[in-house]
Amino acid sequence: MSQNKSTWELAEAYIASSLSQGEVGELNARLASDIEFANEFNEAANLIRSMEGNGKQKRFRSMLRDIHEKQTAGKVIKKGLNIVLPAHFWRTAAVAATVAILTSTITIWSLKPRLNKSESQYNNISREVKDIKKVQAQQQATQNQLIQKVNKNIPAPPPSDVKYTGTGFALTNDGYFVTAYHVISDEDSVYIQDHDGDYYKAFLVNFNAEADVAILKVEKKNFRFSKGEIPYVFANSKAGLGSQIYTLGYPKDDMVYNEGYISAKNGFQGNELQYTLALPAGHGQSGSPVIDGKGNLLGLLTAVGSQNEANTYAVSSKALLELLHTIPNANSLHLPRTNKLAHLSRESQIEKMQPYTFSVKVYKK
Amino acid sequence: MHSPINTEQQLLAALAAGQRGATEQLYQQNYHIISGWLIKNGGSAADAADLFQEAMVVLFGKAQDTSFRLTCSIGTYLFAVSKHLWYKKLQKQHKEPVYLLENTGQDDEDEGAGYEEDVNVHEEREAHYDQLDSALDQVGEPCRSILKAYYHHDKSMQEIAADFGYTNPDNAKTQKYKCLARLRKLFYTVQAK
């Protein structure tokens, strides 16, 4: 008699189909008439089904593991093929990455899109402007040209297409700025597009291809990034492991903020001029400033690791300062000396940074 | 050892029942294809083992429904599910930036379309089982061990009665029902969270 059985016992027997026809009839009648009982019964039955399903799946998984172990026992396990690039081949790597990018646009239909770059552990993160982006950039350029024609007398960017974009930041307020060398390495002309959307032509002052740093200057006479002084200072020594850092960059036309921390004191393959960062970064963010919470500029972004190691690499400010000292008029440069960010909230820091962080656009005829 | 099973539908039924012979056969026919593909695409041998296991569990889950009929071969199904699982995993890990340049996202969407639903159902079920496991961890002894012995390790009530010192299987069974009642309470609080 099902009245004498507990709900659990009934649910278990029901699932196992071990109830007699009479008992099933009785159960159905009770389920139809007693809502409270029906709810309880359903919950019980669902839980038992889940327990059985989960248990069955667990046994299946452990059997699979066992089969796998037996089948692979004694066999040499092939490791994934990783091509490791020596540190001094960055420039080659940058070129190779460029070639890979160009090739991938052609072979994209035959190769699996997200995976075909896995051989390279090191990806430069300048952004190649693809067709859609090109259209957008052209549209924006046209818009800007129009606005500029109306408002200002600033030279508009050349009509040729934007080839690569990166990010740059000010070194001195009178127009010296920094970006990653690979961004501008095969330039015909370089423009920066500041926060207000204005374009300014720039020329290359000096670079260190191995360290992936370039110093450029805006051509325009009496140029100022902004009225105030540059709010950050350049760190003389390397910051410690675990330092909280953030970055501002232009992976798209709007400025993007990302934060993270220094995850290793040296960079790709122990490179001492670099940091390894745990920081999300995308294409177009090469050259982005890396700043700690107190307004010290620690370096600039150069590359991200492959999919297996989610690292981002930054060139340290030390490498940047070393390069700076090699330019002829280094002594006459007025590097920022006062840190105006130290006591500000993150939001205000970003606001202060904005005029000094901009998109770098590389054109090729 | 079972003799090789010939039709794919029989193979599926045997897999659904958790038969080792069928599972081994599927492993031998398909593992090297999937692991070869994965290693070529930047995965490791350990990734391959995990991925294959996950795809097999998806198939195992589908095969529990006796009305399930494959519209392609088991091998094709496992391969497609594996690819879909792998891309999903990559996406989760990276939130995309590395792939911005190359990500057209078109051809694998076409490929994964039929299997996306199966993978989603699988993930939901996994989440459900995870909740169940965490409720089970909170249920306390001897309930946790009794329920695990019965449901996870497929032991009979006789064995459980003997192992846990109950005088007869019926007493053990009464205890099991009490444990289930306790688990139900915990489980629905976990779920409500």
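Values quoted throughout were computed directly from the atomic coordinates according to the rules given, and no laboratory measurement underlies them. If you're wondering where the values come from, they're calculated on a predicted model, not measured in any experiment. Glycine also receives a Cβ, built like all others from the backbone with ideal geometry; neighbour counts cover every protein chain displayed.
Where a ≥ b ≥ c are the square roots of the eigenvalues of the C-alpha gyration tensor, would you call region A:156-229 rounded, which needs a/c under 1.5, or, failing that, prolate if a/b is larger than b/c, or oblate? It would help to have the intermediate numbers written out before the result.
On the way: a/c = 1.87, a/b = 1.15, b/c = 1.62.
Oblate.
Would you work out if region A:2-72 is rounded, prolate or oblate? Take a ≥ b ≥ c from the square roots of the eigenvalues of the alpha-carbon gyration tensor; rounded if a/c is under 1.5, else prolate when a/b is larger than b/c, oblate otherwise. Before the final figure, lay out the partial values.
Values: a/c = 4.78, a/b = 2.97, b/c = 1.61.
Verdict is prolate for region A:2-72.
I need the calculated FRET efficiency for the pair B:ALA181 and B:SER73, taking r as the beta carbon distance and R₀ as 51 Å, to the nearest 0.05. Could the numbers behind the result be given before it?
On the way: r = 45 Å, r/R0 = 0.89.
Efficiency computed from Cβ-Cβ geometry: 0.65.
Using a/c under 1.5 as the rounded threshold, could you call region A:240-365 rounded, prolate or oblate? The axes a ≥ b ≥ c are square roots of the C-alpha gyration tensor eigenvalues, and prolate needs a/b larger than b/c, oblate otherwise. Each step should come with its number before you reach the end.
Details: a/c = 1.19, a/b = 1.14, b/c = 1.05.
The shape class here is rounded.
Output the Kirkwood hydrodynamic radius of region A:271-321, Cα pairs only, in Å rounded to one decimal. If you can, show how the numbers build up before the last one.
Values: mean 1/r = 0.0901 Å⁻¹.
It is 11.1 Å.
Past 32 Å, Cα to Cα, is the threshold; run A:LYS227/A:LYS265; B:LYS83/B:LYS176; B:LYS92/B:LYS176; A:LYS217/A:LYS352; A:LYS364/B:LYS40; A:LYS220/A:LYS265 against it and keep the listed order.
Values: A:LYS227/A:LYS265 35 Å; B:LYS83/B:LYS176 41 Å; B:LYS92/B:LYS176 40 Å; A:LYS217/A:LYS352 21 Å; A:LYS364/B:LYS40 35 Å; A:LYS220/A:LYS265 38 Å.
Among A:LYS227/A:LYS265; B:LYS83/B:LYS176; B:LYS92/B:LYS176; A:LYS217/A:LYS352; A:LYS364/B:LYS40; A:LYS220/A:LYS265, the Cα-Cα distance tops 32 Å for A:LYS227/A:LYS265; B:LYS83/B:LYS176; B:LYS92/B:LYS176; A:LYS364/B:LYS40; A:LYS220/A:LYS265.
What distance in nm separates the simple spin-label points at A:ASN266 and B:ARG144, each placed 7 Å from Cα in the Cβ direction?
Going from the A:ASN266 label point to the B:ARG144 one covers 4.5 nm.
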